[in-house]
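Notes for the one structure printed next.
The values are calculated or read from the model by the stated rules, or taken from the named source; none is laboratory data. None of these values were measured; they are calculated from a predicted model. Here the Cβ is made from the backbone with ideal geometry for all residues, glycine too, and neighbour counts use every protein chain on show. For the accessible areas, the whole protein counts, side chains as well, though only heavy atoms, and no ligand, DNA or RNA atoms are used. Shrake-Rupley method; radii C 1.70, N 1.55, O 1.52, S 1.80 Å.
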Amino acid sequence: MNDLFVRTLSNGLCMVIQESHTAPVATFWVWYRVGSRNEPPGRTGISHWVEHMLFKGTPTHPAGTLTRLVDRLGGRWNAFTWKDYTAYFELLPVDHIEVAIRLEADRMQETRFDPDVVASERTVIISEREGAENYPSYLLNEEVEALAFRRHPYRHPVIGWKEDLLSITREDLYGYYRAHYHPSNALVVAVGDFEASRMAATIEEAFAPLAAGDPPAVLKTQEPAQEGERRVVLRRPGGATSYLQMAFRVPGATHPDLAALLVLDGLLSGFKGVAAFEGAAGVRTSRLYRALVDKGLAAEAGSTIIPSIDPTLLRINATVRAGVPPADAEAAVCAELSRLCDNPPEEEELARVRRQAEAAYLYLRDGVGRLAMAVGALAAVDRPGAFHELESRVAAVTADEISAAAATYLVERGRTVGWYLPEEGGGR
């Protein structure tokens, strides 16, 4: 089951293929190595906007026909943008997966950017941004990220700042698309009930004729070392709920400490996946749940780390109970982190997180969509095959390695703390 078929075409496209014969279905993903990390100043949100435009049609597949085509074949499709990548996927009966492959090859280089559609989509995306602003946790996350990173573009929200969304032009969008959407900046992942070699031939037939494209500009910005704690307090009128976020600088996906950090995160709030938007709610037996929720300090508490190309953040979030000062919740988190730094976890607790990880990997193998997502997400920030290697690395993490990682990264000088405090008043 873990055997991967990996091949790179002459135009630079990397194919990662895995057979899965659990059901007569297949999924096809295209991962472009472009996200908010690659956006120049004044053009934040452009990666996400280009993602929207790829659903607006090509000369071969005009606007409106794409969704009907996938629906008619009994499939589903979608896409998402993150800091390091933009991903597009289809899930279809295996007999129809070739339709998805040809569709993705078509819109890789033939997507239309009609000026009227660009204008209407600006309204859609700004509305999406304004909707997110109704959530205090979203606003707090933006403030914490902007403070945690001083130079690196990870400091910008994926959806972009509103001022940039108002000024981006059709020419900006199309130029960005041409610069980043080509085989040498992409990898494809196929998982399903097929023969790998035949799937490779089908993919090659569709994508090999496409021009490789010029390599995008290499990001040279490096975030300076953080030498002291940073804090932000965000106040807004309305509501009665306070929020706490604590972010700690941690290394990127290729670092040897990744496995220990993922298990550490599992101890804090339950073991999770490696892709963006794949977080899990706090596990009742986890440390943050017991320290905050069980003790009445928070209604919800959790943590997350998403493997990234460059050094990123391990985040801890808490929805503070009404009437509880955020300082009390923060003190409880700090006490748990200090305990983890000073005392390696007991074997029983570590075994529980290992079982969560084993269950997560078994669940992935039982389908195709989530497996392809995990394989592709880690390949996009590391290398093909990295996800399957990670499974054994996670299983081998020791208690001492977890405590050492906590003592290295979960430190005061490397953390950024944000509070959201509601104020009396009738709205924003």
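The test for being touching a Pro at 6+ places or on another chain (Cβ under 9 Å), at pLDDT 95 or above and open to solvent by 10 Å² or more (accessible area, probe 1.4 Å) does not hold for Ala119.
In segment 279-286, is there at least one residue being open to solvent by 30 Å² or more (accessible area, probe 1.4 Å), touching a residue at least 60 places away in the same chain (Cβ under 8 Å) and either out of contact with any Cys (no Cβ under 7 Å at 6 or more places or on another chain) or of a type in the set (A, V, I, L, M) (or both)? Yes, segment 279-286 contains a residue that is open to solvent by 30 Å² or more (accessible area, probe 1.4 Å), touching a residue at least 60 places away in the same chain (Cβ under 8 Å) and either out of contact with any Cys (no Cβ under 7 Å at 6 or more places or on another chain) or of a type in the set (A, V, I, L, M) (or both). Residues in segment 95-104 that are of a type in the set (A, V, I, L, M, F, W, C) and open to solvent by less than 30 Å² (accessible area, probe 1.4 Å): Ile97, Ala100, Ile101, Leu103. Would you say Ser308 is in contact (Cβ under 8 Å) with a residue 24 or more places away in the chain, surrounded by 21 or more Cβ atoms within 10 Å (Cβ to Cβ) and polar (S, T, N, Q)? Taking the combined requirement at face value, the residue satisfies it. Contact map, segment 342-361: first residue touching a residue at least 12 places away in the same chain (Cβ under 8 Å) and closer than 16 Å to Leu264 by Cβ, second residue open to solvent by 90 Å² or more (accessible area, probe 1.4 Å) and assigned to a helix (DSSP H, G or I), Cβ cut-off under 8 Å, separation 6 or more or different chains; pairs are Pro344/Asp400. Given the structure, is Tyr154 part of a helix (DSSP H, G or I), in contact (Cβ under 8 Å) with a residue 40 or more places away in the chain, open to solvent by less than 40 Å² (accessible area, probe 1.4 Å) and closer than 21 Å to Pro40 by Cβ? In short, yes.
When restricted to residues that are in a helix (DSSP H, G or I) and open to solvent by 10 Å² or more (accessible area, probe 1.4 Å), segment 342-352 contains 6.
Each row is one residue, and each column tells you yes or no for (1) in contact with a Cys (Cβ under 6 Å, 6 or more places away or on another chain); (2) surrounded by 11 or more Cβ atoms within 10 Å (Cβ to Cβ); (3) closer than 24 Å to Val381 by Cα; (4) of a type outside the set (Lys, Arg).
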residue	(1), (2), (3), (4)
Glu204	no, yes, yes, yes
Gln222	no, no, yes, yes
Val233	no, yes, no, yes
Thr241	no, yes, no, yes
Gln245	no, yes, no, yes
Thr254	no, yes, yes, yes
Ala259	no, yes, yes, yes
Leu262	no, yes, yes, yes
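Remark: Trp31 falls outside the filter, which requires a residue to be open to solvent by 30 Å² or more (accessible area, probe 1.4 Å) and within 21 Å of the chain's Cα centre (by Cα). Applying a threshold of 6 Å to beta carbon distances and a minimum spacing of six or more residues, or different chains, the list of pairs starting in segment 411-423 at a residue that is touching a residue at least 60 places away in the same chain (Cβ under 8 Å) and under 16 Å from Glu336 (Cα atoms) and ending at one that is of a type in the set (Lys, Arg) and open to solvent by less than 40 Å² (accessible area, probe 1.4 Å) is empty.
Scanning segment 157-202 for residues that are in contact (Cβ under 8 Å) with a residue 60 or more places away in the chain, open to solvent by 30 Å² or more (accessible area, probe 1.4 Å), part of a helix (DSSP H, G or I) and within 30 Å of Phe5 (Cα to Cα) returns Ser184, Ser197, Thr202.
Take the residues in segment 63-77 that are at pLDDT 90 or above and assigned to a loop (DSSP other than H, G, I, E, B); name whichever of them is most open to solvent (accessible area, probe 1.4 Å). Of everything passing the filter in segment 63-77, Gly74 is most open to solvent (accessible area, probe 1.4 Å).
Determine whether Trp82 is buried (at least 16 other Cβ atoms within 10 Å of the Cβ), among the aromatic types (Phe, Trp, Tyr) and touching a residue at least 40 places away in the same chain (Cβ under 8 Å).
Yes, satisfied.
What residue, of Arg315, Arg321, Arg339, is open to solvent by 10 Å² or more (accessible area, probe 1.4 Å) and farther than 23 Å from Arg235 by Cα?
Just one listed residue meets the conditions, Arg339.
If you check Arg102 against the conditions, is it over 22 Å from Ala276 (Cβ atoms), at pLDDT 95 or above and out of contact with any Asp or Glu (no Cβ under 8 Å at 6 or more places or on another chain)? Answer is yes for this residue.
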